[in-house]
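What follows draws every value from the coordinates through simple rules; no lab data is involved. No experiment lies behind these values; they were computed from the predicted model shown. Please note: Cβ atoms are built from the backbone with ideal geometry, for glycine as well, and neighbour counts cover all protein chains shown.
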């Protein structure tokens, strides 16, 4: 058997010990290797999804992580990105059972956003905005801020609160890292979420968007409202977002 085959057999056994033990390797040593690999993955997944983890018995959670460890082909070796791989596994490979909470995927997505925000690059002070700058500067979403919509009020879920059906209205959030470096969330109205999602979309161009362009965009969606009315309603929102460091200048 060639080296590559031996190496593949070694890796396959680490992921799934029901497979044949690689020839010539002592079972005790192999189990040590496997425990080291699995415990690393399990520890990171558990710390990345603490609320979801808390909703399971330890044996159930370890079985779920074991399924991920055994069947998911991770596309990155970077440990901080294992959380994204775990969510991808839940979304595309895992078959949700009656033992899983109905909000499982949405809670996992929310917790992943919190992690992404926590490790995002800092915003340079030169990109922070003050209220008086808004009309003269282009605006974009800070890298340490994410916009999301959920059918469940995921921010309240805990061992003591586990909803069994979606809320009557959708829940809109901005998860962000505030100026004290703490991860926080801002609940948004549908309109404010729409505005922030538009700024996020325009941020992808690296150029951002002006307040004037935002008002023009809003007028296309709300033609019954004058530009002055839209501006008077939108400007306080933009000022609040700027004060929190959620929207910044791209330069």
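Considering every alpha-carbon pair of segment 23-106, the percent of pairs per 10 Å bin, from zero through the bin containing the longest distance, is 15, 50, 26, 8, 1. With Cα atoms as the point set, segment 179-251 shows a radius of gyration and Dmax of 12.8, 41 Å. Using R0 = 45 Å, the C-beta based FRET efficiency linking residue 88 and residue 232 works out to 0.55. Across the chain, the relative contact order, built from alpha-carbon pairs under 8 Å that are at least six residues apart, equals 19 percent.
The mean sequence separation of alpha-carbon pairs under 8 Å and at least six residues apart, normalised by the residue count of segment 89-229, gives a relative contact order of 24 percent.
Applying 1/(1 + (r/R0)^6) with r as the Cβ-Cβ distance of residue 33 and residue 59 and R0 = 25 angstrom yields a FRET efficiency of 0.65. Kirkwood-type hydrodynamic radius, the chain: 21.0 Å, calculated from all non-identical alpha-carbon pairs.
Using a Förster radius of 25 Å, what is the FRET efficiency between residue 136 and residue 219 based on their Cβ-Cβ separation? Nearest 0.05, please. In this case the efficiency is close to 0.75.
Here the simple spin-label model places points 7 Å from the Cα toward Cβ, and for residue 180 and residue 81 these points are separated by 3.4 nm. Put a dot 7 Å past the Cα of residue 125, heading toward its Cβ, do the same for residue 251, and the two dots end up 2.2 nm apart.
Dividing the C-alpha radius of gyration of segment 124-203 by 2.2 N^0.38 Å, with N its residue count, gives 1.30. The peptide list 107-115, 179-187, 140-148, 50-58, put in order of mean Cβ contacts within 10 Å with the highest first, becomes 140-148, 107-115, 50-58, 179-187.
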